[in-house]
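Data first, discussion second: the structure below is written as structure tokens.
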Amino acid sequence: MAMRVTDSMISQTSIRNVNTNKNRLNVLQTQYTTGKRISRPSDDPIIAMRALRLRSTSNQITQYVKRNLPDAQSWLELTDSTLNSIKDVMQTMYYKCEQGASGENTTADRKIILEELQNLSKQIYAEANADYAGRTLLSGYYTNRDVVFPA
């Protein structure tokens, strides 16, 4: 069964192919000039969803780097300096205890040492209640409370 191909059919097919190629060229030129693969989500829904997910992830990472990371670093630096200060007070308390335990002290000397130890104890409580941005450093996960030790 032979089909007759007319000049009109050839012309219409050629014109349709030229228009299709012009539309494809227009899409590619738009992508090239804008630098975007899609201009509307309907152009490629899968790529649009990936782009939205990437943008969301990028925003989360930016927030982490710009806000959360410096806050955490400051928290750790303050905690480190507080712990070092408490360590120094504890060493002083240790030396005072050794000094008080030696047999060379009088009762008055021991009273003075006891008062110094009590003051150092208060200093440890004060250091332990240090806060950063309204949160107590050494109170565990109860950052809205002061450190409390049983008497």
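The values are calculated or read from the model by the stated rules, or taken from the named source; none is laboratory data. Model, not experiment: these values are computed from the prediction. Here Cβ is always computed from backbone atoms with ideal geometry, including for glycine, and neighbour counts include all displayed protein chains. For accessibility, only protein heavy atoms count, side chains too; no ligands or nucleic acids. Shrake-Rupley method; radii C 1.70, N 1.55, O 1.52, S 1.80 Å.
Remarks
- The single condition among (1) assigned to a helix (DSSP H, G or I); (2) surrounded by 11 or more Cβ atoms within 10 Å (Cβ to Cβ); (3) more than 27 Å from the chain's Cα centre (by Cα) that TRP75 does not meet is (3).
- Scope the range 116-151; condition within 18 Å of VAL89 (Cβ to Cβ) and of a type in the set (Phe, Trp, Tyr); matching residues: TYR125, PHE149
- All positions within the range 122-146 that are part of a loop (DSSP other than H, G, I, E, B) and out of contact with any Ser or Thr (no Cβ under 9 Å at 6 or more places or on another chain): SER139, GLY140, TYR141
- For the range 42-61, a residue qualifies if it is open to solvent by less than 90 Å² (accessible area, probe 1.4 Å) and part of a helix (DSSP H, G or I), and the qualifying residues are SER42, ASP43, PRO45, ILE47, ALA48, ALA51, SER56, THR57, SER58.
- Residue that is nearest to LEU137 (Cα to Cα) [pool: residues in the range 85-121 that are in contact with a helix residue (DSSP H, G or I) (Cβ under 6 Å, 6 or more places away or on another chain) and either part of a loop (DSSP other than H, G, I, E, B) or basic (Lys, Arg) (or both)]: LYS96
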